[in-house]
Amino acid sequence: MRADVPDPIVMGIVNVTPDSFSDGGEWLDPAAAVAHGLALVAQGAQILDIGGESTRPGADPVSAAEELRRVAPVLEGLASAGARLSIDTSKAAVAAAALDAGATLVNDVTALRGDPAMAALVEQRGCEICLMHMLGEPRTMQRDPRYGDVVDDVKAFLSGRLEFAVGAGIAERRVWLDPGIGFGKTIDHNLELLARLDEIVALGRPVVVGTSRKSFLGTITGREAGQRVAGTIATNVLALARGARIFRVHDVAQARDALLVAAATLRGRWAPPTTTSKTTA
């Protein structure tokens, strides 16, 4: 039993894009996206991650203006939803507008490498930042990705980006880390990262896991994207057992229930989630 298992935090995905791999176009209309976000909150999402640019393998970039056009009305509509708002962007201009609208977390898949103004913005605003590992960029990341040792390489990268963030004046307590499952990794790389996730957790910052509906689950199970809930839950529970804290998912209700049961089992006891765990990592 592990008494130190923290309450898991569920991050619901709200993709306001026409081309995301699983739900592209489904929530492109702002009213539909807001309604979806509210539904995810009702299902137990403590954070809503709003994204206006797809980062699926092969995705083309969009301009900051287009990204803002997509996410601004959604952020405005969800500002009073009761959940924390995260902006999934690598552009400082988009992040700044989202923070103005009420977001408190920047989820940057480039780990502060995509826009030289992002680190200063995060430092000035005092918001939280999630730094993710990605090999290359979305258009190229799945073209024959190779590592010496994937866990050692990802850990070294995240350690370096954490050091960079702190050197830029960002408080270490505000930094989350994401190993980037599916971002420039083969199926074996993804499985190795999950199996040895505790080595990433050892860096001492909250670890975010985003396996929801991803293609490697489809390869293993033979299921299409919308049918990969069970596979997603399996990876979430394994990641929780290895110390992950935040789980970015499409299917909030199912993930929440599984994680609560898994956390209680790992602790060997059950107690109501603490109030602070709903809003902070």
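The values are calculated or read from the model by the stated rules, or taken from the named source; none is laboratory data. Fair warning: this is a prediction, and the values are worked out from it, not measured in the lab. Virtual Cβ from ideal backbone geometry, glycine too; neighbours counted across all protein chains shown.
Computed values, structure above
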| read-out | value |
| --- | --- |
| Residue selected from region 217-230 under the condition of a type in the set (A, V, I, L, M, F, W, C) and free of Cβ contacts under 8 Å to residues at least 24 places away in the same chain, by the criterion nearest to VAL249 (Cα to Cα) | ALA230 |
| Complete set of residues in region 61-110 that are in contact (Cβ under 8 Å) with a residue 40 or more places away in the chain and of a type in the set (Gly, Ala, Ser) | GLY77, ALA81, GLY82, ALA83, SER86, ALA98, ALA103 |
| Test: residue in region 49-64 that is at pLDDT 95 or above and either part of a loop (DSSP other than H, G, I, E, B) or under 19 Å from the mean Cα position of the chain (by Cα) (or both) | yes |
| Residue list for region 99-114, restricted to those being hydrophobic (A, V, I, L, M, F, W, C) and more than 16 Å from ALA83 (Cα to Cα) | VAL109, ALA111, LEU112 |
| Region 69-103, subset closer than 22 Å to ALA31 by Cα and among the polar types (S, T, N, Q), residue surrounded by the most Cβ atoms within 10 Å (Cβ to Cβ) | THR89 |
| Selection status of GLY160, modelled with pLDDT under 95 and small (Gly, Ala, Ser) | no |
| Filter pass, GLY226 being assigned to a helix (DSSP H, G or I), at pLDDT below 95, in contact with a Ser or Thr (Cβ under 9 Å, 6 or more places away or on another chain) and of a type outside the set (Asp, Glu) | yes |
| Odd one out for ALA244 among (1) surrounded by fewer than 21 Cβ atoms within 10 Å (Cβ to Cβ); (2) outside any helix (DSSP H, G or I) | (1) |
| Top-ranked residue in region 123-138 [being in contact with a Gly (Cβ under 9 Å, 6 or more places away or on another chain) and at pLDDT 95 or above; ranked as nearest to GLY167 (Cα to Cα)] | GLU123 |
| Region 170-216 - residue that is in contact (Cβ under 8 Å) with a residue 40 or more places away in the chain and acidic (Asp, Glu) and, of those, surrounded by the fewest Cβ atoms within 10 Å (Cβ to Cβ) | ASP198 |
| Selected residue (criterion: surrounded by the most Cβ atoms within 10 Å (Cβ to Cβ)) from residues of region 111-124 that are under 17 Å from ASP49 (Cβ atoms) and touching a residue at least 40 places away in the same chain (Cβ under 8 Å) | VAL122 |
| Test for PHE183: is it outside any strand (DSSP E or B), aromatic (Phe, Trp, Tyr) and either in contact with a Gly (Cβ under 8 Å, 6 or more places away or on another chain) or under 16 Å from VAL106 (Cα atoms) (or both) | no |
| GLY231 being within 23 Å of ASN15 (Cα to Cα), among the small types (Gly, Ala, Ser) and touching a Ser or Thr at 6+ places or on another chain (Cβ under 6 Å) | yes |
| Subset of region 46-63 that is closer than 21 Å to GLU128 by Cα and of a type outside the set (S, T, N, Q) - its residue that is surrounded by the fewest Cβ atoms within 10 Å (Cβ to Cβ) | GLY51 |
| Residues that are at positive phi and within 20 Å of the chain's Cα centre (by Cα), drawn from region 241-275 | GLY243 |
